[in-house]
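Asks: Below: one structure in structure tokens.
Derivation of every value follows stated rules applied to the coordinates shown; laboratory data play no part. Values in this document were obtained by computation on a predicted structure and should not be read as measured data. Positions of Cβ are backbone-derived with ideal geometry, glycine not excepted, and every protein chain shown enters the neighbour counts.
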Amino acid sequence: MSSQEYKKDKIVVVGAGSVGSAIAFSLLLSSISAEIELIDLNAGLAKGNALDLNDIQFLSHSKITDNTLEDSKGADIIIITAGAKQKPDEPRESLVSRNDAILRSIVDKMGPNNPNAIWLLVANPVDTLTQLAQHITKLPHAKVIGSGTYLDSQRLRFTLSNLLNVNQNYIHCSVIGEHGDNQMIAWSSARVGGQSLLSYEKMKECNLDEIGQNVMRKAYEIIKHKGATSFGIASCVTNICKVILTDAHYIIPVSCYCEKYGLYLSMPAILGRDGVKEVVYPEMNDEELARLDNTVSTMKNTLAKLNLN
């Protein structure tokens with residue numbers, strides 16, 4: 001055995017609320033072996049959740065502690081769940097502007113001590129905030145990503161699995177564009193067992209628009225009953241971390257820089273130890289391309305209203 005001390009991977013979760021604590025819980029119960037740090041502006045919340053989560057470490061390969069933005073160092077992945085919540089009738093650019101200030105504060109305090117970290121944004125609007133995070137950190141695009149439409153794509157596959165009575169592992173279909181009300185499904189490139197999903201006999205009985213709306217609105221249904229989504233996104237973020245740390249080269253729809261469009265969008269991307277290896281653009285028909293162009297225009301307009309400096 002080498003005399004050099006073995007360094008465990010380190011994952012830092014910024015934001016110890018319902019989403020951040022669920023991510024920490026999911027990470028601890030996964031096959032990942034890492035040091036996990038939980039950080040929150042409310043230091044007591046971070047400490048309390050870290051102490052509570054310590055009690056499941058007999059089931060875990062990882063260990064968890066609380067820390068501060070200033071003292072955290074040597075992270076391999078920094079997960080940002082902290083962010084301002086949208087006020088009633090608040091314009092999107094106003095929400096993004098408030099989150100811009102939060103992001104700058106986090107980067108100013110964490111950036112110098114974590115030069116090699118991959119930044120993983122989870123706070124919403126995730127695609128735009130991922131763009132902002134890259135602008136603020138000045139890191140290569142590949143090392144700043146967002147959770148994007150990964151959860152939406154999983155919801156879609158689960159929905160189609162139930163409709164078609166086919167195991168979801170054999171359904172390949174992605175939600176792309178922008179996570180939220182403007183998201184879209186790349187139906188043209190969807191496959192079931194190698195066959196075009198749209199030509200699959202059982203799909204002819206399905207209403208595509210209704211499926212898309214149900215997938216998009218599932219988050220609102222969850223929020224109506226419990227106030228926030230947490231477990232689904234936590235599982236998705238955990239898998240993204242696992243794919244990155246094991247250099248697995250899985251294709252996952254995340255918020256990533258799309259050179260073709262000149263901004264961050266949710267698109268299938270090959271992920272590995274250095275972040276995004278390659279963006280895999282799905283095939284789309286003219287109608288889908290036009291819809292995506294609309295989304296790009298909307299996002300660029302939002303970004304243009306921000307004073308990025």
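Asks: Calculated from DSSP H runs of 4 or more alone, at -39500 (n - 2.57) each and per residue, what is the 222 nm mean residue ellipticity of the chain, nearest 500?
Replies: Using -39500 (n - 2.57) per qualifying helix, the result is -13000 deg cm²/dmol.
Asks: In the chain, what % of DSSP beta bridges are antiparallel (nearest 5)?
Replies: Close to 50 percent.
Asks: Here's another thing I want to ask about it. Under 5 Å between amide H atoms, partner at least 5 residues away or on a different chain: which partners does residue 79 have, H built in plane at 1.01 Å?
Replies: 12, 13, 14, 120
Asks: For Cα pairs less than 8 Å apart in space and 6+ apart in sequence, what is the mean separation divided by the residue count of the chain, i.e. the relative contact order in percent?
Replies: About 17 percent, as a whole number.
Asks: Quick query: amide H of residue 184 versus all other amide H atoms, modeled in the peptide plane; which residues come in under 5 Å with a sequence gap of 5 or more or a different chain?
Replies: 176, 178
Asks: Among 62, 250, 117, whose Cα sits farthest toward the positive end of the charge dipole of the chain (+1 at Cβ of Lys/Arg, -1 at Cβ of Asp/Glu, about the Cα centre)?
Replies: Among 62, 250, 117, the one farthest towards the positive end of the dipole of the chain is 62.
Asks: Same structure again: Mind listing P(r) for segment 9-146? All alpha-carbon pairs, 5 Å bins, whole percents.
Replies: Result returned by the calculation: 2, 11, 21, 23, 20, 13, 7, 3, 1, 0.
Asks: Now for a different question. Apply the Karplus curve 6.51 cos²θ - 1.76 cosθ + 1.60, θ = phi - 60°, to the phi angles in segment 39-47 and return the couplings in whole Hz, x for Gly and Pro.
Replies: For segment 39-47, the Karplus-derived couplings read 10, 8, 4, 8, 4, x, 5, 4, 5 Hz, x marking Gly and Pro.
Asks: Please compute the contact order of segment 1-133 in relative form: average sequence separation of alpha-carbon pairs under 8 Å and at least six residues apart, divided by the residue count, as a percent.
Replies: This gives 25 percent for segment 1-133.
Asks: Quick check: Cα centre of segment 205-232 to Cα centre of segment 38-77, how many Å?
Replies: 31 Å
Asks: Per residue, how big is the convex hull of segment 64-220 when only Cα atoms are used? Give it in Å³.
Replies: Here the figure is 147 Å³ per residue.
Asks: Continuing with the same structure: What do you get for the angle between helix 208-226 and the principal long axis of the chain? Use alpha-carbon atoms, 0 to 90 degrees, nearest ten.
Replies: 30 degrees
Asks: For segment 135-140, just list the computed ³J(HN,Hα) in residue order, Karplus coefficients 6.51, -1.76 and 1.60, θ = phi - 60°, integers in Hz, with x standing in for Gly and Pro.
Replies: Each residue of segment 135-140 in turn: 4, 6, 6, 6, 6, x Hz.
Asks: Report the far tail of the P(r) of segment 149-305, meaning the percent of Cα-Cα pairs longer than 28 Å.
Replies: Within segment 149-305, distances greater than 28 Å cover 21 percent of Cα pairs.
Asks: Give me, ordered by chain and number, the residues 5 or more places off residue 277 or on other chains with an amide H under 5 Å from its own placed amide H.
Replies: Counting only residues 5 or more places away or on other chains, the set is 270, 271, 272.
Asks: Another question, then. Taking the Cα centre of segment 149-305 as the origin, how large is its charge dipole in debye, to the nearest 20, when only Lys and Arg (+1) and Asp and Glu (-1) carry charge on their Cβ atoms?
Replies: 520 debye
Asks: Obtain the radius of gyration and the Kirkwood radius of segment 61-138 from its C-alpha atoms and give Rg over Rh.
Replies: Radius of gyration relative to Kirkwood radius: 1.00.
Asks: Still on this structure, please answer the following. Taking other Cβ within 10 Å of each residue's Cβ, how do 93, 178, 259 sort, fewest first?
Replies: Listing 93, 178, 259 from fewest to most nearby Cβ atoms yields 259, 93, 178.
Asks: Still on this structure, please answer the following. Counting just the Cα atoms, what span does the chain cover along each of its three principal axes? Round to the nearest Å and put the largest first.
Replies: 59, 46, 41
Asks: Under the Karplus relation 6.51 cos²θ - 1.76 cosθ + 1.60, θ = phi - 60°, what is the ordered set of whole-Hz ³J(HN,Hα) values for segment 71-84, x standing for Gly and Pro?
Replies: Each residue of segment 71-84 in turn: 8, 6, 8, x, 6, 8, 9, 10, 9, 9, 9, 5, x, 6 Hz.
Asks: Please arrange 155, 104 by counting, for each residue, the other beta carbons lying within 10 Å of its beta carbon, fewest first.
Replies: 104, 155
Asks: Please compute the contact order of segment 149-305 in relative form: average sequence separation of alpha-carbon pairs under 8 Å and at least six residues apart, divided by the residue count, as a percent.
Replies: Reported as a whole number, the value is 22 percent.
Asks: Considering the Cα trace of segment 173-260, what is its radius of gyration and what is Dmax, both in angstroms?
Replies: Cα only, segment 173-260: 15.5, 41 Å (Rg, Dmax).
Asks: Another question, then. If each residue's Cβ is checked for other Cβ atoms within 10 Å, how do 144, 175, 279 rank with the fewest at the top?
Replies: Neighbour counts put them in this order, fewest first: 279, 175, 144.
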